[in-house]
Every structure is written in C-alpha cells, then in structure tokens.
Amino acid sequence: MNIVEAESKALEEIGQVSSLTELEETRLRHLGRNGVVNQLLSEIPELPRQEDRKSAGEIINSVKEKIEIALERKDQELKRKDLKEIDRSSFDTTSPGISPQIGSIHPLTEFREFVRDMFSKLGFEEVYAPHLEEDEYNFGLLNIPPDHPSRDLWDTLYLEDGRAMRTHTSNMQIREMRKRKPPIRVMTFDRCFRYENVDPHHSHTFTQFEVLYVDKDVSMGQLRFLSDLFLKAVLGEKTRTRFRPKYYPFVEPGVGVDALCPFCEGKGCRICGMEGWFEIAGAGLVHPQVLRNGGIDPKIYSGLAWGFGPDRMLMIKQGIDDIRYFYEGDLRFLKQF
Amino acid sequence: MLIPYSWLKEFVNLRKSAEQVASNLSLVSVGVEGVQKTGSDKVLDLDITYNRGDLLSVIGVARELAAIYELPLKGPVEKFQPVEHLSPLSVKNNVSLSKLYTLTKISELRYKTTSKQIKSRLEAAGMRSVNLWADLTNYVMLEWGQPFHAFDAEKVGRRDPSLSIEIRSAKRGEKIKTLDGLDRDLIEGDIVIADKAGAIAIAGVMGGEETEVDEGTTEILLEAAIFDPISIRRTARRLGLRSEASNRFEHFLSPDNLYTSLNKILQLYQVYGKGEITGFASVGERTTEPYSVGLTHDKLTRVAGEALPLSKARLYLERLGFKVMSSEKGLLCWPPHFRGDIRIPEDVAEEVLRLHGYENILSKPIQTTLEEVRESKQEDWRDRVTSGLVGNGFSEVKTFPFVSTTVLTHLKAKDLLRLKNPISVEAEYLRPNLLLSLLEVVKRNNPRYSRGRVFELEKIYPKRGENLALGALIWGEKEPFLELKGVLEELGRQAHLKLEFFPVKEEFLHPVKAVEVRVGRERIGVLGEVHPHLTTAFDLPEAAVFEIDFEKFADLAQKWGKFTPISAYPEILEDYSFTLPQTRSLADLIDKIRSSSSLIRELEIKDRFETKEENRSITLKVAFQSEEKGLSSEDISPLRKKIHKLIISSGGQLRS
C-alpha cells in the first residue's frame, strides 16, 4: 500500500466510524504500533537515496498528522452525539431502591435513647441497679418492711436464696443516695419483674424508667414541671397532665400522673378506653425516712422520684396492641422499627 | 371496695351524680375503678390504698365526700357505753396480738330472716347473705369498717362452761375446723381465739365450725377487736383465706371507731333480733391518745413549691376532721382518730394539697447547680455496639430472663438459679446465657425467615452473678462461622481491641467450629456454630452465635484510636494465591507474613473460597511501602521469595 492509498483509506474509514470503540480500533489499525503508518515508516530505511528517505519521512508524517486531526474531529463529533443520545434514553426512576442490608433497633431501645437524651439535657446521669436484689433495697429501706401489708402492691418473684427479682427500678434509690452527695440527678431505664401471668396487657418482665432528684427545695412544682415536659415531648403538645393522690410507701405525698389522651383530647375514645386520660406515671416527693436511709438529711434536702412504664407508653403511642411483642423476638414486629 | 351510692347518701347529702362523685374522689382521695348500675342504684368500685384504711367503709368515704363538698355528715356518732350491771366476761388478752379486744354477750335472741335492704346492700357490696347474725356483722363492717365475729355462746359453753376466752398465739401442731368445714393446721404466730378446750376461731381470718352461729342461736358472744395486722396478713395468705374482714384487719383500725360501730351493731341486734346485752369485757387500748403533728409554713411551701396561706390550709384540715391550732410559725394539727396514716409534717402537707387541688399546683422549673455528669463507658459502648450491629443487618431482640424446662435437658439444673415461687414451668429457672433465648427467637421466626440476624444486649443470671451480655446469632447463611466472626472482629476494631481466638470445647457449640474470644489474657466470650444436637432439637438450620461479657468488653474498649503516619512514597501491591488445608491455621500464616518484613504496610484477604473439602483457595493482597524511599523491584523480590517460602512451609501450595 502506498502512502496516498493509506491516507484515503484511513480518512474514509474514520468517516464511517459510528462509535468511540470503533474509533479506537481504527486508530490502532492506522496509527498503532503495528498500524499502517508505522508499517510505512519502517519501510523508509529501505529507500536507496538520502533525499528520498527525507521527503518520504516528511510526507508520511504529514499524513499521520492529517489522520490524527481527522481522528480528533471524529472523537469530538461522537462525544457530542453521545450526549444527545443520553437525552433520548429512558430510565424508570420510580423503580424502588435496592434495600441496604441493615437490621432494626428494638422499639424499647429507641425509646430509651429518646428519654435518656431528654433527661441528660436536664443533667440526669444514667445509672443501673441489680435485677436480683436484696430485700432491703427493693423494699425495706424504701419504707416497706417485711410482711407489711403494703407489700401487696407488688407481687414478687423470689429466688431460692431469698433475694427478690426487683419489682421496680426504685431499688436504685438508696444505692445512689448512699453513693452521692446532693444535688443528685440520676435516671434509670431497665427491666423489672412481677409475679404475673403473661397476656396481651401483662407481662412478668417489663420495663421502667425512673428519675431521682435530690436537692434543696425540690417540690411538687418540679414534679409538675417534669411531668408536663416529658409527656408533651412524648404525646405531643395536645396533651395535658393531671395528678391524683396515689400511695407508694417511699414517697410523701405520692401522686399518679395522668396524661390527657392526645387522640381525642379528653373526649374519650377507643384508645384511652373512653376515659379521656391515661394513667401514665407514678411519682412523689421522697419520704423523709427514705432520705435518711440514703444518708441524706431531710431537714436540708428534699427529693422527687418520678417513673413510668415505657412498654405501656409505647403501646399507646405506637398503637401496639399486645405487650408480648416486645419480648418475643418476632421479626415481623421488630422489622417495623 | 364496692359501695352502693344510696348508702353514701344516707350519711351525706350528695346532689351530684355518682359518676361526678367518683371523678372527684379519684382526683382528691382514692382511685375509682368504675361506677356500675345495679337496679335503681349505682355502685362505686373504689381502689383503696394501704394508707387509707379509713376509707374501707361507707362512713369513711362519706366523711371524705363531706370534706370535699363542705357538707355536714349525718348519722349516729355515739360510742358504746357499757352500763354498770353487765356481767363481766372472762377475757385474757395479749396486747401485742390484739391492741383491743372486746366481747359482748347478747342474750334472748329471736331469729328472723335478714331484711331485704340489708341483703341487697350486702350483695351490691359483693358479699352474700348467710344468716341474720352473720349478715349484721358484715353489714356494720361495710358501713363502719370494723369487722366483727359472732360466736354461738351456747356452743362455746358446751365446750367450756366457764366461757374463758383467751387471745393467744397458736400452739405447734394445733388444728381447727373452720366454718368452711376444712381442717386447718395452725403454726406458731397465728393468732387464735380459744377457750379452755382449744381454738374456736382463727383471729381475723375465719371462725371455727363448732361455735358457728345459725338460725337456732339465741345467745351470742360478739367479738370486736383490733389484731396485729402483720400476723393476720401472714395467716390469711398462708391459708389462702383472704376476706373482707382480714383485709380490714390488715389496715389501721381505730379503737374509737370500734366503740362507735359496736354501738351501731348492738342497736341492730336489738332491732332485728330482739336481743338483750347481758355481758361485756374489754381488754386493751380503748381510745387513741390524741397526738399532734406540726406543719410549718416553710415546710408547706417546700412541699407545694409555692406559698399557700396558712389560713386556707387550716380550713382544709378542719374540713378533714383535724383539730388545728395556729401559731406564728405554722399549724399544730391533731389528726382525727380514724386516720392512722398521719404521722409526719409531709402527711399533713399532702392533706392540704389534696383539698387545695393537685391541679392547682404550679409548674416550677428545675433550678440547680450544674455538676459534672460522668459518662458511663458501658452506656457509650452500648449505643455504639447497637448501631454497629444494626448497620450489619442485625435486628435487636429483647427476651424473657427465664429458661424453659423444655431446654432443661441441655442444662444442668444445679448450675442455675431457681425461683422459689415460679409462675410456670416455663419460667422456673433464670437464664445462664443468651444463647438459649436467641435459639427460641430463631425457632419463632424460622422458616418464615429462612435466614436472619438477631442480637440481644441484656442481663444473664449465671450462678456467679448477674452480668450484662451481648449475644448475636445468625442463621441460614452460607458460612455462618466466618460471617459472624467477621462481625465480631469489626466490633473489636471499632473498640481498638485486639481480639484473639482460640479453639475451645463448649457444650452448646460445634465440636470443631468454636473458639474462645480473648483480649490479652482475659476471656471475654465465645464464638462458634451452634452444636448440631441443639439445632436438631430446635429444628433449625445451621446457625452461629457469639456471646461476650459486655461489661468486660466495654471496660477494655478504647474510644480513641491512634493515627499511623501515611507514607509519601508509592506503594507496591502484590497478590499471593495459594491453597491451604483446613488443618493449618490461616491466622498463623498471616501473622508470619506480616512480621516477615517491616515494609509490609497492609495485608488483606482479597479473595477466598472456603470449600467443604479440606483445601481452601486464598488470595492475599500485600501492600509494600517504605517511609524513606520509593521501592524498586529489586527491593521486593527477596521479600516475595520469603513469603512464598512461608506459604509452603505452612503447608500451603502456591497457585500460578
């Protein structure tokens, strides 16, 4: 093949190219290491005359340049064309995304984080107390001596060794008071146990959240403040709180905290059982004897204890109709959260 | 407690509906379970708390309502006054068992059926009619809160003509046949009423059959007493005989109220039974010595959170029956005789606030000094590990703390903590690990979910003490052991812990695919495939599990890693492909290669094919890099040879 043929063949082929891959193949065929142009260049040394060798070299290089320019132009042209084609292409963007392989967090853990964040902003520190507890911490030091009739408030599970499965998170109260100096602001979110058959509304294993606040001048006013703050955060601005007298031996006064049903705003609906209110929390001012048992002088300090059952609260808030879902590990339930 | 509304109206002139009254009571006094319509009347179901024993009576609730609505209380209030000519009765009492014991003899009784009104009230209050004598005791108990017991005096006389009544602790081995016809074994500490022939009643709990009143009874020994509440409660619970009467004995009873209610019941015995009072005895404290509790204005303010005028407080207390004296500093208050629960200033403050209205308590923000809030490592790692596992596809579960006896064949009962009073056989023992709970979770979900990943971060209760454990389980995956090991290794990396794994034999784990997890010398848990005998027993697919002591993990974990400088010189990457038998340790080989040269910056498993056969194929990617210069092929080739040698000497075979 001579140089003229090589040039016209190359330019013709470039003209017919319709894709970037083809263009690259064409480039290799003509300008590649074993391409036509290199072939011709390699033949130059065979020419007998110096002038011929020189002019042949110049000609071939100019052809090479022309081919390169043609390739470059074609390249630009094809890229422009590609962009136009993207405009014409189609893709179903409504097609659902590919699910990442992630798990699920238990609703009680999610709730625990919510509650903890809220109270830690008020300076409460999270604490834990044993589940298997000495009678003293669960009852005796909380003003509930053995065989006292008020023990009927708690149906207790006992171990063979005499310890109780704690019936409430309040077993942390004496432990924390003895460990700390006022002001004391602690909270706990953990499990408790009662002698109770399991059904949609009862469970022998359940969760409690409780705060203990001991300082100078802690009053019923702060109980109201905490109740309002918390219940509005959980149930929404439409709720209100209300106190009723309630008896717990370790507080005086003791109150039950009700929340106005946010679904019917107190008119009475299916969710609140036509009551208009939910019994949500139990609270009170720490009994002076309990403060003394905790090593705190009730003449100087007073305290409040405030607690509620997260299981029940979530059931109300999320419309869960059976407490057992929390403890049975059914993935159909868990994967909803 | 059930109270017919019409009965309340006999004592206080209520003009509101039963429902409104119920609602007011629940906001000021005690919980109301509901209001039921029965015939033309309504019945209030009250949830009386331990401190308010005085409300276990129609009169008590009427008094409370009179205080709430500022209405006068109607009805009789005189106490029983024994007249001089009554013959004395022989009663021996021990005041530690019975604070007050009275016995009244009523003679020449003539039986008649119980009136319709009394019967219907008893029924509305949830009691059934027995005979006139017993019905009257129950009727007055419901109205006044004081229980009574009527003995047939003639029947007692047949046993013990001297009618010598003694209140004493039961003797060892003593027995009595109770009203329900059953023989009861008594123990020391039970209080009995006895004559010379033995026990005739279990005090406060149930009378004896032998001295029971019936339609033929013409002479009655009527007991009105206050027994030791703790003893009554213990006996009633032990015998499974809790009743309206024993319940009231468990609460505070007032001697003054006893005399008032005695007056009332004797009137009724005279009206309905034509009886005559012929004898009386009383041993013990006949009245409560009045005592005062001081409430300073400062105290009231500290409880309420705001300053309430003392004059107002005084009015509230007087409405509730307190005698009050004002002083400069505050109030001196004498509680009414029926309130055994008022002992300290806080109790008085509560009374003031109840009548003031809890809804009127103003919200008061917390004002305090800010203290250091210590961040708990355990809390911090709880959150990090939870989100780490959730990000790796695990669903968090929470399960019950018990192990069911269905898995007991896999456990030794002596290693477990047992409950003294288990609810059921499914909840008799406390779980020693999370594995069994997690297997139950799989059982619940399989085969609906043929594969899955779950974890639990909760307490376990091995005999050595309760412990916070982290357990994770995967099932239905191809290489469960390696998949789960990778997850645990990642947790270790996040905590900047060097986890080491050593083969181990564990009862619940696969005989070969099981390791102990250590940090330094400390064992923090185990990892392995679940033993085939367990997966078979639970009818489950292949599963792997790890369980670690989360308290140790969180304690050892390091939040902040340390930066290793990044070299400015280029790195050279090489792949090494080889096969290695399952009998040889890949971890050892990797460690040897890693320590074969300081120029090895990174080493990772690029590809592997772990077959069920003995040989697996592995490709390691090694990155060489120097901190001082760019590496040339001359630098690498001796290192490459060294690595090849290590692979071969470790039992591997190079692939081209």
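Odds and ends about this structure:
- Matching entry among A:Gly256, A:Gly276 (being in contact with a strand residue (DSSP E or B) (Cβ under 8 Å, 6 or more places away or on another chain), surrounded by fewer than 18 Cβ atoms within 10 Å (Cβ to Cβ) and under 16 Å from B:Val32 (Cα atoms)): A:Gly276
- For segment B:331-372, the set of residues classified as surrounded by fewer than 19 Cβ atoms within 10 Å (Cβ to Cβ), farther than 24 Å from B:Lys99 by Cα, of a type outside the set (Gly, Ala, Ser) and out of contact with any helix residue (DSSP H, G or I) (no Cβ under 7 Å at 6 or more places or on another chain) consists of B:Leu332, B:Glu359, B:Asn360, B:Gln367, B:Thr368, B:Thr369, B:Leu370, B:Glu371, B:Glu372, listed by residue number.
- Failed condition for B:Phe508, given (1) at pLDDT below 95; (2) surrounded by fewer than 17 Cβ atoms within 10 Å (Cβ to Cβ); (3) under 37 Å from the mean Cα position of the chain (by Cα); (4) not small (Gly, Ala, Ser): (2)
- Only one of A:Ile102, A:Ile98 that is surrounded by 11 or more Cβ atoms within 10 Å (Cβ to Cβ), without any contact (Cβ under 8 Å) to a residue 12 or more places away in the chain and within 30 Å of A:Lys335 (Cα to Cα): A:Ile102
- Pick from segment B:63-98, criterion at pLDDT 95 or above and either among the aromatic types (Phe, Trp, Tyr) or in contact with a Gly (Cβ under 8 Å, 6 or more places away or on another chain) (or both), ranking: surrounded by the most Cβ atoms within 10 Å (Cβ to Cβ): B:Ser98
- For B:Val283, the criteria (1) within 14 Å of another protein chain (Cβ to nearest Cβ); (2) in contact (Cβ under 8 Å) with a residue 60 or more places away in the chain hold in every case but one, which is (1).
- For segment B:156-213, the candidate set comprises residues that are without any contact (Cβ under 8 Å) to a residue 12 or more places away in the chain and part of a helix (DSSP H, G or I); within that set, the residue that is surrounded by the most Cβ atoms within 10 Å (Cβ to Cβ) is B:Gly157.
- Among the residues making up segment B:105-150, those that are among the small types (Gly, Ala, Ser) and part of a loop (DSSP other than H, G, I, E, B) are B:Ser115, B:Ala125, B:Gly126, B:Ser129, B:Gly145.
- Of the criteria (1) touching a strand residue (DSSP E or B) at 6+ places or on another chain (Cβ under 8 Å); (2) modelled with pLDDT of 95 or more, which one B:Gly273 fails: (2)
- Helices (runs of 4 or more DSSP H) fully within segment B:3-104 counting 1 or more residues that are within 14 Å of chain A (Cβ to nearest Cβ) and out of contact with any helix residue (DSSP H, G or I) (no Cβ under 9 Å at 6 or more places or on another chain): B:18-28
- Here B:Ser633, B:Ser577, B:Ser596, B:Ser637 are screened, and the one residue that is surrounded by 11 or more Cβ atoms within 10 Å (Cβ to Cβ), among the polar types (S, T, N, Q) and out of contact with any strand residue (DSSP E or B) (no Cβ under 7 Å at 6 or more places or on another chain) is B:Ser596.
- For segment B:233-260, taking the residues that are in contact (Cβ under 8 Å) with a residue 40 or more places away in the chain and among the polar types (S, T, N, Q), the one that is surrounded by the most Cβ atoms within 10 Å (Cβ to Cβ) is identified as B:Thr235.
- B:Val390 being on the phi < 0 side of the Ramachandran plot, facing chain A (nearest Cβ under 7 Å) and not in a loop (DSSP other than H, G, I, E, B): yes
- Candidate set: segment A:211-220, residues that are of a type outside the set (A, V, I, L, M) and part of a strand (DSSP E or B); chosen: the one surrounded by the fewest Cβ atoms within 10 Å (Cβ to Cβ): A:Asp215
- Hey, B:Lys459 farther than 30 Å from B:Pro309 by Cβ, at pLDDT 95 or above and at the interface with another protein chain (Cβ under 8 Å from one of its Cβ atoms) or not: yes
- Any hit, segment B:452-465, residues being surrounded by fewer than 16 Cβ atoms within 10 Å (Cβ to Cβ), out of contact with any strand residue (DSSP E or B) (no Cβ under 7 Å at 6 or more places or on another chain) and part of a helix (DSSP H, G or I): no
- Index of the failed condition, A:Tyr213 passing every other in (1) more than 10 Å from chain B (Cβ to nearest Cβ); (2) at pLDDT 95 or above: (1)
- Filter result for the condition that a residue is farther than 30 Å from B:Lys299 by Cβ, modelled with pLDDT under 95, surrounded by fewer than 22 Cβ atoms within 10 Å (Cβ to Cβ) and not hydrophobic (A, V, I, L, M, F, W, C), over A:Lys238, A:Lys246: A:Lys238
- The listed residue being on the phi < 0 side of the Ramachandran plot and assigned to a loop (DSSP other than H, G, I, E, B), out of B:Lys621, B:Lys562, B:Lys641: B:Lys562
- A:Tyr325 passes every criterion in (1) more than 20 Å from A:Leu153 (Cα to Cα); (2) within 14 Å of another protein chain (Cβ to nearest Cβ); (3) buried (at least 20 other Cβ atoms within 10 Å of the Cβ); (4) at pLDDT 95 or above apart from (3).
- Meets criteria (buried (at least 19 other Cβ atoms within 10 Å of the Cβ), within 30 Å of A:Ile14 (Cβ to Cβ) and more than 36 Å from the chain's Cα centre (by Cα)) for A:Lys79: no
- Looking across segment B:347-384, the residues that are among the β-branched types (Val, Ile, Thr), at the interface with chain A (Cβ under 9 Å from one of its Cβ atoms) and under 21 Å from A:Val257 (Cα atoms) come down to B:Ile361, B:Ile366.
- Scanning segment A:184-205 for residues that are over 30 Å from B:Glu375 (Cα atoms) and part of a strand (DSSP E or B) yields A:Asp199, A:His202.
- The residue that is nearest to B:Pro365 (Cα to Cα), counting only those in segment A:197-210 that are at the interface with chain B (Cβ under 7 Å from one of its Cβ atoms) and surrounded by 20 or more Cβ atoms within 10 Å (Cβ to Cβ), is A:Thr205.
- Test result for B:Leu438, within 21 Å of B:Leu509 (Cα to Cα) and either modelled with pLDDT under 90 or not in a helix (DSSP H, G or I) (or both): no
- Scan of segment A:130-168 for residues that are at the interface with chain B (Cβ under 9 Å from one of its Cβ atoms), of a type in the set (Gly, Ala, Ser) and crowded, with 17+ Cβ neighbours inside 10 Å, ordered by number: A:Ser150
- Failed condition for B:Leu295, given (1) over 30 Å from A:Leu285 (Cα atoms); (2) in contact with a Leu (Cβ under 7 Å, 6 or more places away or on another chain): (1)
The values are calculated or read from the model by the stated rules, or taken from the named source; none is laboratory data. This is a predicted model, so every value here is computed, not measured. Positions of Cβ are backbone-derived with ideal geometry, glycine not excepted, and every protein chain shown enters the neighbour counts.
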